[in-house]
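Below is one structure, written out as structure tokens; comments come after it.
Any read-out appearing in this document is the output of simple, stated calculations on the displayed coordinates, not a laboratory observation. Because the structure is a prediction, the values reported are computed rather than measured. Glycine also receives a Cβ, built like all others from the backbone with ideal geometry; neighbour counts cover every protein chain displayed.
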Amino acid sequence: MNSVGLHLNLLKETEHLSSSPVRLRVMLPIVALFACVGFALWWAILFTQLMLARTEAQSIDADLKAKSEAHAEAIGRQDKVREMRQQLDQLAYYRSGVRSVGAPLAKLAEVMPLKVQLTELSFAPPPPDPPPKFGQKAPVFGPVTNVETQKLVIAGRTTGNTPIEALLISLEDPAFEPLVTKDRRIKSFDQDAAAGRGKRRLLAFEVEYTMPERRFAK
């Protein structure tokens with residue numbers, strides 16, 4: 001015969017216990033504590049990364065500023081070098097345009113025939129500066145081209161044709177290349193009007209030479 005058992009629950013609702021070995025009221029504070037610690041660590045990591053990024057940005061900014069200053073200084077030096085090179089080029093142009101006539105003139109004194117009396121030895125002035133163009137305020141100083149020519153005038157008196165011919169032949173020497181070219185013109189070859197009666201009559205001459213070109217270039 002089966003026996004029938006009766007189960008009576010005499011515990012109150014508040015006295016019921018959970019079957020879990022860990023109670024919820026104990027776990028909630030622990031979980032909240034771990035969450036707070038996790039959030040604190042997360043914010044600490046974010047703050048550290050932010051500080052590192054800010055420090056790196058400041059370092060990059062300082063480096064960029066230093067490089068910008070160095071770049072500006074380099075550009076300034078390049079401009080200065082370019083300006084100095086232009087000045088040197090201009091000085092080289094002037095140096096190329098300088099006539100070295102001291103040595104040829106000294107040589108001319110050595111080859112001058114004794115029977116030739118010089119009355120003039122002159123260089124024609126360079127061409128005048130070109131006038132300003134229409135609408136141009138400032139005048140143009142100096143030649144407008146890289147080549148400039150001048151004339152050398154040799155005038156004097158002599159007793160005949162032979163001394164003049166000797167002088168002209170002497171001027172064909174290579175030592176006079178800086179002074180004269182083969183382009184010459186005898187402007188006058190007449191008797192000297194200053195010769196009076198009883199005096200030996202002299203011949204007046206004037207020879208105009210085209211000098212070598214002055215080239216204002218290196």
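Okay, here's what the table says:
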item	result
Estimated vicinal HN-Hα couplings, Hz - the range 82-94 in sequence order (Karplus 6.51, -1.76, 1.60; Gly, Pro = x)	4, 5, 5, 5, 5, 5, 5, 4, 5, 5, 5, 5, 5
Taking M112, M51 and counting other C-beta atoms within 10 Å, the order from fewest to most	M51, M112
